[in-house]
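See structure below.
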Amino acid sequence: MASKIDTPAKRHKLPIAKKPVWERLAPGVFLGYRKSPEARKWLVRYHDPDAPKGASNPYKMQVFANADDAHVDEEALSFKHASVEALKLAEAASVPSAKGALPLTVRRAVEEYIAVRNARERKNKGRVSIRSDADTRLSRNVLSDVDLCDTKLKDTTPERLLKWLDNVPLKDATKKRLAGDFKAALRLAGDRYTKFLPATWKAEISSALTVKNNDQNGRAIQVLADEQVKAALRVAKEVDDEGNWDGDLHRLMVALAATGARFSQVVRIDRKGAFKQRRADRKTGVEATDCAIMVPASRKGKGGKVEPPTKRIVTASDFEILISGPNTAPGGPLLQRWKNEEISPTVWKRGDRAAWYHASEITRPWRQIVERAGLPKHTVPYAFRHSSIVRQLQAGLPVTLVAALHDTSPLMIQNHYGAFIVDASDDIIAASTVSVAE
């Protein structure tokens, strides 16, 4: 039976009436259109799974959007989009037939991935009203492309994705992050809906959205010499003093440089994770004191496994800087900063101390540090991590140990820092060799 409501032209011919015109979307799920003198509305009606057996009206009904022929606002939905939303509402109400009826489109894949990323971010940050970076990037650059989003997953080709990627007006590094998020969204959909997609679909999609980063933010040119690291930290202290950071900015920079950890790890270091330990030297037996910082594991990846923190040994002088901040209760973050509170649009006051939230909080002071320390203009805070990795590789530490200390994989170290790996095997073997002959 032909639809009476699938186009604005057909809906225009319908008379004004209190009773909606219904169209079946799936067993027990209907999309309705109501035309009144004041508005044009979309409704959904679905079989209530909790309705008592033999109930006179086992259906639930609700109005959920304006129709796009009403010309009331930009949020008005077309028939196609209204059908999707109606099925989503029915699926949320646990109507079994709705889930299988939802079209597998690029939009659905991206929205489901955004929901996963936002839920993870809210759990990690302990805040309800928060959006992930992936949400921002994908909403702005993917969900805004209606033609691409309406494409069914099985019809999404590498050529179509490459065309989209070529037209994204972003720098290489930003485009790479966006492509990574998009690829993760499509791969998640590929895992969930394998039986509905071609066998080679995931591999082809991954290949199309793999972006090589050829700009100046590559790892090879982000490695700082020890003197450059020290200069950056000296300037960080000056910027801290001038900006009334009360030492918080300087402590954060020292933590990044001393541990080589990611921003997201450093800001989660617990107060009780900074301590001194005593040990006896294996060869001399002389007791020594180490300053230890327990760096929380990265939250990268989609697994739910909780990894233990990594112990990093830092110098005594760096350790004293890191623990010099105002005391926080055990179980609280080692590194904090003052939060400003808005009194009015032009008036702010200093609020309570809280954990660092996002790397963007140091964007402005970092620009000052780079300029005044004489670092290359493209240098980013992540250079501290690159430099830490290279420093240990050039000292002859085994790749597996360097990887473990930086919470990454030996393969990643070999792939990206291969030029800095020193073959110190002969030195290690010679140092461990003892005379066994009498």
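The values are calculated or read from the model by the stated rules, or taken from the named source; none is laboratory data. Quick caveat: nothing in here was measured; it's all calculated off a predicted structure. FYI the Cβ positions are ideal-geometry reconstructions off the backbone, even for glycines, and counts take in every protein chain you see. Accessible surface is based on the protein model in full, side chains and every heavy atom, while ligands, DNA and RNA are left aside. Shrake-Rupley method; radii C 1.70, N 1.55, O 1.52, S 1.80 Å.
Residues whose amide H falls under 5 Å from that of Asp48, counting only those 5 or more places apart or on a different chain, are Tyr59, Lys60, with hydrogens built in the peptide plane.
Amide H contacts of Arg40: Ala67, each under 5 Å away and 5 or more positions distant or on a separate chain (H built 1.01 Å from N in the peptide plane; Pro and chain starts excluded).
Sparse packing (at most 14 other Cβ atoms within 10 Å of the Cβ) combined with a DSSP loop state is found for the following trypsin sites (Lys or Arg not before Pro) in the stretch 1-57: Lys4, Lys18, Lys53. Inverting the pair-averaged 1/r between distinct Cα atoms of the chain gives 26.5 Å as its Kirkwood hydrodynamic radius. Largest GNM mean-square fluctuation across Val29, Val347, Val390, computed for the chain with C-alpha springs under 10 Å, falls on Val347.
Tell me, what % of the accessible area of the chain is carbon and sulfur with a 1.4 angstrom probe?
On the way: 13420 of 25290 Å².
Here carbon and sulfur together make up 53 percent of the probe-accessible area.
Could you tell me the relative contact order of the stretch 148-265? Use alpha-carbon pairs under 8 Å, at least six residues apart, and round to a whole percent. Present the calculation step by step, with values, prior to reporting the outcome.
Values: 67 pairs, mean separation 28.1, N = 118.
Across the stretch 148-265, relative contact order equals 24 percent.
Reported to the nearest whole Å, the Cα centre-to-centre distance from the stretch 241-264 to the stretch 357-429 is 17. In this structure, Glu307 and Glu361 have a Cβ-Cβ separation that, at R0 = 30 Å, corresponds to a calculated FRET efficiency of about 0.70.
Its DSSP H runs of at least 4 residues, each contributing -39,500 (n - 2.57), put the calculated 222 nm mean residue ellipticity of the chain at -12000 deg cm²/dmol, to the nearest 500.
For a quick check of your reading of the filter: which trypsin sites (Lys or Arg not before Pro) in the stretch 114-186 sit in a DSSP loop and have no more than 15 other Cβ atoms within 10 Å?
Those that pass, being in a loop and sparsely packed, are Arg127, Arg131, Lys171.
In order along the stretch 396-408, phi translates into HN-Hα couplings of x, 5, x, 4, 5, 6, 4, 4, 5, 5, 10, 6, 9 Hz, rounded to whole numbers, per the Karplus curve 6.51 cos²θ - 1.76 cosθ + 1.60 with θ = phi - 60° and x for Gly and Pro. Remark: relative contact order (the chain) = 10 percent; criterion is Cα-Cα distance under 8 angstrom and separation of 6 or more residues. Close amide H partners of Thr105, meaning residues 5 or more places away or on another chain with modelled amide H under 5 Å apart, are Leu153. Between the stretch 3-68 and the stretch 282-296, the alpha-carbon centres lie 71 Å apart.
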